[in-house]
Each structure stands twice: as C-alpha cells, then as structure tokens.
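Student: Can you read through this structure? Questions will come right after.
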Amino acid sequence: MLPSPGLIFQSVLDGVFLGFLYSLIALGLSLVFGVMGIINFAHGDFIMLGSYLVWILANGLRSDPSFMSLATVPLFFVIGAAIYMTIIRPVLGKEPLIQIAVTVGIGYVLQNFALMMFRAEPRAVQTTYLNLYLNLGVVSIHLAKLISAFLSLLIVLGVHYLLTKTWVGLAIRATAYDREVASLMGINVGKIFLLVFSLGIGLTGLAASLWMTFGQADPYIGSSFGLLTWVIIALGGLGGVSGLIASSLIVGIIQSLTMTLVSPTVSLAIPYVVFIMVLWFRPQGLFGKV
Amino acid sequence: MRNTLLELKDIEAGYGVFRVLHGVSLEVGKGEIVALVGPNGAGKTTTLKTIAGLTNLFKGEIVFDGLRINDVPPHNRIRKGLALVPEGRGIFAPLTVLENLYLGAYHEEARQKLNDSLEMVFTIFPRLKERKNQIAGTLSGGESQMLAIGRALMSRPKILLLDEPSLGLAPKVVSELFEIFKRLNDEWKVTLLLVEQHVKNSLEISHRAYVMESGKIVLEGESSVLIDDERLRKAYLII
Ligand SMILES: Nc1ncnc2c1ncn2[C@@H]1O[C@H](COP(=O)(O)OP(=O)(O)O)[C@@H](O)[C@H]1O
Ligand SMILES: [Mg+2]
C-alpha cells in the first residue's frame, strides 16, 4: 500500500518542526566544541535531566511545560557555570582522552541518577494551551510543535546575532580561533569559556521545556539527542548557523519520514546511515568548506 | 638620562618547567626604537612572550611604566599599554579586516577611542581601509602584517613589541615596513621593541640594540656603534 501524499507532507512538516528544535540543541554543543575544543558527551543528558525537571514542575504547578523554561534556563545556566568551574576548567589543557572521560562520566552520572529517581518509564506532561491542532485540510499542525520550532529558531537567530554583532560575540569568535592571541587583545579567555559553557547548558534547559510540550522524558533520550546532534554538527560543518539549521532540518525530516514510512525503531538509526554516507562523499560535511 | 618605559631585570623564564631565558636584563626608554637580534632559538620570541605574560616566569622582575607587572595576567597587560604583534602575525583569519581591528580596541579605554584609532590606522595603512570588509585570511603576507600592526595600534599602546614582522615578506615590502616603523616612532611617538632577522635594517633604524644568544644577552649598545662591531658583522654577514 502506497502512503498518501498528505501523509508524506504531514511527515515532512513534523520533521521540519523537530529539525528546528534539533538546531537549538546542536547550537549549544557546537558552541562549546567550537570555542573550547571540548566535546561535551553529556550534552544530551542535560536535556534529559531538564525534561524530568519540566515534568515535575509542570505537573506540580499545573502549568504548560513551555513556561517552565523561565526556571530551567537560569537554573541550567548556573549549573553550567558550576560544572565549568569544578569539572571542565581543570581538564582544559589536558589530553582529549581525559576530557572525553570527564564529560562521558557526567552523562553517565546524570543517566543513572534519572534511572534511580524516575525508573525507566517514559513520562509526559499534559500540555495546556499548546495541545491544539490546527486543521488545514491535508495536514494538521500540532500547535506545540509549531511554537517550539518557532521559539527554537528565534533563539538560534538571537545567538547568531550575539556572535556576529556584539563585542562579546566578537571576543567569542576570536577566542575560538586563537586563545593566545585573543588574550593579547585583552580578552579574558577564562571568562569567555565560562560564559560559553554556561550558555551551552542554559540552552539545554530551554530545549528541554520545548521538547516536553510534545515529547516524553526517559533516562535514555539523552543518548539519542547527543548522537543526533553530533550527526547534525558533522553534516553542517562547524561555524555557520545557516549550515547548522539546514542540517538540523535534513536530519529532522529524514527521521520523521522513516518513522512514518518504515518504523519508529528504524527512525533512530537512519540519520547515522545518512551520516556515514555523507562522510564517504563529503568528508567536510554538506555545508562545510573544503 | 633615559626615561625608562620597560625594564627586564634578570629574567629567567620558559615553558612548563623548561627554562629558555637565563638572566635576561634589558631596558627600553620612552620614544626609543630598540632592536633585539640573535640566531634562531636564542630566545627572542620567548623574551617578547614573557613581557606579554605568555610564559612561565621563574625569576626576575618586569617593570613597565613604573609598575611591576610580573603578576598581571596577559589580558590586562594590553590595557596598561603593552601590545605584542606576535611571530606569524596572529591574524584572526576567518574574521574581517575591520573585526580584527576592533579586537585590538577590545578593552574599554581603547573602545572609547575606536573611531579616532581607526582613522589613525587607516591613515598609516590606507590599504587596510580598501580591504576593511574583506576576510582577513585572504590578505597577502604584507597586508596581514600591516593588519597585525594596525590591530596592535588600535589598543593605543605605549610600546609595540614586534616579533619578526618582516618574516616571509618580499624585499620591497620589507623596506616599506621599516619605513613605517620609523614613521610610527617619529610621527606617532610609539616606542618600539623590534625583534628582527634583518639585522642591518634593524640597526639602521634603531637607537639601541641587544644581541641575544642561548637565552642570554651577549652584546648591547648604541646601534650606530654595533653596526660597525666586528663580531656582529661576521656573525650576521653585514657587508
Ligand atoms: N612553546 C614552547 N614550548 C617549549 N619550548 C619552546 C616553546 N617555544 C620555544 N621553545 C624553545 O625555546 C627556545 C627559544 O625559542 P624562541 O624564543 O622561539 O627563539 P627565537 O625567537 O630567538 O628563535 C628554543 O630552544 C625553543 O625550542
Ligand atoms: Mg622567534
């Protein structure tokens, strides 16, 4: 039986919405990697932790998960700062293997903490105003997904503006390229690292709130988010926000289509297959420079 | 009597636990051009990096503008008026020429004079003005060096530390550059500490010079005297 064009269109649309959320998640990871050279393997697990927090808060306050970002973003920003000071800063100059061990370790701790506190069952929040569907005939738009995509795009563009149009953004880009020369310019590189890491983790707090308007919290979503965003960064090439958004949309659409047309289980694996194929043909990423 | 701007007193410095400088003392007076020459690996770059705060300082004292700056972190030294143009230029290649220049004026005091400073830099290096919106990585070697110097000037430095600015440049560009150093010193009253391979050129434009070997100063004096020094002429084939 062939799927109807309406079904495919619906699936692509859902993929686009998901893709914008992915770009928000990938942005924090790519900033931390691009500026500090640290691969944060715990990035996805912060979203997982945030999702549980949103679940608790939204249920407790009987409010919409999207509003919980008012709490999760500042909280995660501060948590990011604390983790930078205590765990990341001491390993900054160390070998990559040590840095990897440290962030993998953080992720492992977070995951086991979640397993212990919440067990392995998925948890979802009853959304309030966002649980509407706009019926447009061929497709229907889930308001929660539309709003989360819109807010994600807004924040990604906001960060892009910060990076390209402000003094602190200029300092961040200079530090990413050459820390020693950046310090010669009068830039306090330690402060820039602190800011970037806190921002990266703070953004996961926002991503978690948006995710919970239509998704579920479970202890393992961190790993899937983490890997997916790495695929996105590898596809998009580091640096440009446009490449990041484009590859996020591609991954979102591919995932959504395989979910509709093949099966939800396969949909988790397909982006990696695409990733490996891209590596064969364009090792610099789809949008990266040679 | 010289009006001392920068003084290194018996400096021992290096990387990690590895010492490169073994008791270096030197002095730069306000308004001077001082040359620092010597063979590869002598420790010239390490000396400039030590002044900028980028090495491990084991012993000795750095006094700048009357203040001991041993413990001032690198990012605060530029505020005090020390600007290093590093070996290899240290251009931010993915950023535009203008963004590179802005970075030179990153600290608050310099930021307030941003437009004046830009005008000054564009007067000295008109070619940077033509290329201001270009990506810095696309500049030629000579233009990159001008950008590196222009960027340092944006910080309104009291002293400019230049590490082999002529490295890899065509002879014609090198003489242009030395003309600019003289102009910077004459017209703009910038003090220069110049590390160079072009020993003859450097001695011609500098007031005084130090010769460094194996992490030690082995010879110092007026440049006009040193240029006739037999040992120096032999070692550096000055004809
Ligand atoms: N980053 C570094 N780490 C360790 N040793 C270094 C470093 N940079 C330079 N050295 C060593 O310090 C010595 C002096 O180097 P340098 O100051 O670059 O000399 P010069 O600029 O006069 O050619 C050399 O023996 C060099 O191997
Ligand atoms: Mg050198």
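The values are calculated or read from the model by the stated rules, or taken from the named source; none is laboratory data. This one's a predicted model, so the numbers in the text were calculated from it and none came from an experiment. Quick reminder, even Gly has a Cβ in these numbers, built from the backbone with ideal geometry, and neighbours come from all protein chains shown. What goes into the accessible areas is simple: the full protein's heavy atoms, side chains included, and nothing from ligands, DNA or RNA. Shrake-Rupley method; radii C 1.70, N 1.55, O 1.52, S 1.80 Å.
Student: Restricting attention to segment A:272-288, does a residue exist that is of a type in the set (S, T, N, Q), modelled with pLDDT under 80 and assigned to a loop (DSSP other than H, G, I, E, B)?
Tutor: Yes, because at least one residue in segment A:272-288 is of a type in the set (S, T, N, Q), modelled with pLDDT under 80 and assigned to a loop (DSSP other than H, G, I, E, B).
Student: Now, a different point. Taking segment B:43-73 as the region of interest, how many residues are under 17 Å from B:LEU162 (Cα atoms) and more than 16 Å from ligand 2 (Cβ to nearest atom)?
Tutor: 2
Student: For B:GLY14, are the conditions met, namely being within 16 Å of ligand 2 (Cβ to nearest atom) and of a type in the set (Gly, Ala, Ser)?
Tutor: It is true that B:GLY14 is within 16 Å of ligand 2 (Cβ to nearest atom) and of a type in the set (Gly, Ala, Ser).
Student: Also: Can you tell me how many residues within segment A:167-194 are more than 25 Å from B:LEU162 (Cα to Cα) and either within 11 Å of another protein chain (Cβ to nearest Cβ) or open to solvent by 60 Å² or more (accessible area, probe 1.4 Å) (or both)?
Tutor: Qualifying residue count, segment A:167-194: 6.
Student: Looking only at strands (runs of 3 or more DSSP E) that lie completely in segment B:137-230, which have at least 1 residues being within 14 Å of chain A (Cβ to nearest Cβ)?
Tutor: B:159-163
Student: Any idea which of A:GLY28, A:GLY19 is within 19 Å of A:ILE87 (Cα to Cα) and either in contact with a Lys or Arg (Cβ under 9 Å, 6 or more places away or on another chain) or part of a helix (DSSP H, G or I) (or both)?
Tutor: The conditions single out A:GLY28.
Student: If you don't mind, there's one more thing I want to ask. Write out, first by first residue and then by second, each pair whose Cβ atoms fall under 6 Å of each other, whose residues are 6+ apart or on separate chains, and whose first residue, in segment B:156-179, is farther than 24 Å from B:ASN115 by Cα while the second is within 16 Å of ligand 1 (Cβ to nearest atom) and among the charged types (D, E, K, R).
Tutor: That search, which allows pairs on different chains as well, returns B:ASP163/B:GLU87; B:GLU164/B:GLU87.
Student: Quick test for you: out of B:THR55, B:THR50, B:THR45, pick the one residue that is within 16 Å of ligand 1 (Cβ to nearest atom) and open to solvent by less than 10 Å² (accessible area, probe 1.4 Å).
Tutor: One residue alone meets the criteria, B:THR50.
Student: Show the residue pairs meeting these rules: Cβ distance below 6 Å; 6+ apart or different chains; first residue within segment B:93-118 and at negative phi and at the interface with chain A (Cβ under 10 Å from one of its Cβ atoms); second residue among the charged types (D, E, K, R) and open to solvent by less than 10 Å² (accessible area, probe 1.4 Å).
Tutor: Every condition considered, the pairs that remain are B:ASN100/B:ARG151; B:GLY104/B:ARG151.
Student: Does A:VAL231 meet the test of being within 15 Å of the chain's Cα centre (by Cα), surrounded by 18 or more Cβ atoms within 10 Å (Cβ to Cβ) and free of Cβ contacts under 8 Å to residues at least 60 places away in the same chain?
Tutor: Yes: the conditions hold for A:VAL231.
Student: In this structure, does B:VAL37 turn out to be open to solvent by less than 50 Å² (accessible area, probe 1.4 Å) and more than 10 Å from every other protein chain (Cβ to nearest Cβ)?
Tutor: yes
Student: As an exercise: evaluate A:ASN40 against (1) surrounded by fewer than 24 Cβ atoms within 10 Å (Cβ to Cβ); (2) under 23 Å from A:ASN188 (Cβ atoms) and give the number of the one condition it does not meet.
Tutor: In the conditions (1) surrounded by fewer than 24 Cβ atoms within 10 Å (Cβ to Cβ); (2) under 23 Å from A:ASN188 (Cβ atoms), A:ASN40 misses (1) alone.
Student: For the condition among the small types (Gly, Ala, Ser), within 16 Å of the chain's Cα centre (by Cα) and within 22 Å of B:GLY29 (Cα to Cα), what is the one hit in B:ALA148, B:ALA209?
Tutor: Within the list B:ALA148, B:ALA209, the selection yields B:ALA209.
Student: Evaluate segment B:124-137: report whether one residue or more is more than 16 Å from ligand 1 (Cβ to nearest atom), within 28 Å of B:ASN3 (Cβ to Cβ) and touching a residue at least 40 places away in the same chain (Cβ under 8 Å).
Tutor: Yes, there is a match, as at least one residue in segment B:124-137 is more than 16 Å from ligand 1 (Cβ to nearest atom), within 28 Å of B:ASN3 (Cβ to Cβ) and touching a residue at least 40 places away in the same chain (Cβ under 8 Å).
Student: Next up: Quick one: which of B:LEU194, B:LEU232 is open to solvent by less than 90 Å² (accessible area, probe 1.4 Å) and within 15 Å of ligand 1 (Cβ to nearest atom)?
Tutor: B:LEU194
Student: Could you count how many residues in segment A:98-144 are within 19 Å of the chain's Cα centre (by Cα), open to solvent by 30 Å² or more (accessible area, probe 1.4 Å) and hydroxyl-bearing (Ser, Thr, Tyr)?
Tutor: Within segment A:98-144, residues that are within 19 Å of the chain's Cα centre (by Cα), open to solvent by 30 Å² or more (accessible area, probe 1.4 Å) and hydroxyl-bearing (Ser, Thr, Tyr) number 1.
Student: Further question: If you go through segment B:85-105 one residue at a time, how many are within 16 Å of ligand 2 (Cβ to nearest atom), closer than 18 Å to B:SER140 by Cβ and either open to solvent by less than 30 Å² (accessible area, probe 1.4 Å) or out of contact with any helix residue (DSSP H, G or I) (no Cβ under 7 Å at 6 or more places or on another chain) (or both)?
Tutor: 3
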